[in-house]
Amino acid sequence: MPPKILWILRETNGNFSPKDWWGNKSYKDSNPFDSKRQKGSKRHTWESIAQICYQILNDKKANNDIELASAMERVAIINLKKTAGNAKINEKFYGYLKKQENRNMFIEQIKRINPDVIIGGNTLKFIKSDELGFRQGKRIRLSSFSDNTDFMKKNSSFFFLNKLFINPYHPSHIMNKDEYVEVVVKAYRHWLKIRNECTVFKW
């Protein structure tokens with residue numbers, strides 16, 4: 001059975017509407033990763049996420065953009081901050097996370113979704129250990145899945161028997177999309193090989 005995948009991102013960059021991308025059409029009737037506003041970072045974000053999810057779910061690469069975009073129907077995505085923000089972290093973001101009721105909201109979302117694979121766009125660092133104990137898992141730096149030892153060397157994955165936590169850069173901030181996708185997919189495939197050696201994650 002394919003894994004349940006959850007992406008945890010930070011906040012929307014401005015007020016996003018699907019109509020900005022596809023108008024009144026389905027993504028299946030258009031170019032799914034082309035925005036009417038031509039926002040390159042948004043294309044970078046969603047295309048990278050879709051490529052990772054498609055390969056995890058299907059164990060192969062998509063043949064075209066429509067097939068690739070179909071992976072987005074099978075994953076969950078949440079933002080830590082539930083209101084619109086900016087391209088860069090500001091004081092409003094930190095202020096939002098200081099309120100316990102806001103933290104309770106996204107932690108409860110994660111638990112209810114109960115994913116097998118949790119991928120943070122460099123957001124897991126904002127989650128406290130007493131909220132989700134993922135830091136107790138087997139830690140493997142993401143740079144170990146790349147030929148470039150400096151690539152995401154500060155970012156890690158955490159392996160459990162029943163859960164995988166991966167914390168790469170936010171996909172809009174990457175320089176090499178292919179390498180980014182490859183590293184995250186390699187982390188997932190390595191987890192499949194060694195997960196039976198890992199402890200059980202408990203909520």
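The values are calculated or read from the model by the stated rules, or taken from the named source; none is laboratory data. No experiment lies behind these values; they were computed from the predicted model shown. Please note: Cβ atoms are built from the backbone with ideal geometry, for glycine as well, and neighbour counts cover all protein chains shown. The area values use the complete protein model at the heavy-atom level, side chains included, leaving out ligands, DNA and RNA. Shrake-Rupley method; radii C 1.70, N 1.55, O 1.52, S 1.80 Å.
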Boolean, SER48 is at pLDDT 95 or above, of a type in the set (Gly, Ala, Ser) and outside any strand (DSSP E or B) | no
Inspect segment 54-74 for any residue being modelled with pLDDT under 95, of a type in the set (Gly, Ala, Ser), touching a strand residue (DSSP E or B) at 6+ places or on another chain (Cβ under 8 Å) and crowded, with 18+ Cβ neighbours inside 10 Å and give the result as yes or no.
-> no
Reported set for segment 1-45 where residues are basic (Lys, Arg) and at pLDDT 80 or above is LYS4, ARG10
Within segment 161-173, residues being aliphatic (A, V, I, L, M) and surrounded by fewer than 19 Cβ atoms within 10 Å (Cβ to Cβ) number 1
If we only count strands (runs of 3 or more DSSP E) wholly inside segment 100-160, which ones have 1 or more residues that are open to solvent by 20 Å² or more (accessible area, probe 1.4 Å) and farther than 21 Å from VAL181 by Cα?
-> 138-141
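Among the residues of segment 84-99 satisfying the criterion of being open to solvent by 40 Å² or more (accessible area, probe 1.4 Å) and assigned to a helix (DSSP H, G or I), which is modelled with the lowest pLDDT?
Filtering segment 84-99 for residues open to solvent by 40 Å² or more (accessible area, probe 1.4 Å) gives 84, 86-92, 94, 98-99.
Keeping just the survivors that are assigned to a helix (DSSP H, G or I) gives 91-92, 94, 98.
Working: GLU91: 80, LYS92: 84, TYR94: 86, LYS98: 92.
Filtering first and then ranking leaves GLU91.
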Some residue of segment 183-194 being in contact (Cβ under 8 Å) with a residue 24 or more places away in the chain, among the aromatic types (Phe, Trp, Tyr) and either buried (at least 21 other Cβ atoms within 10 Å of the Cβ) or outside any loop (DSSP other than H, G, I, E, B) (or both) = yes
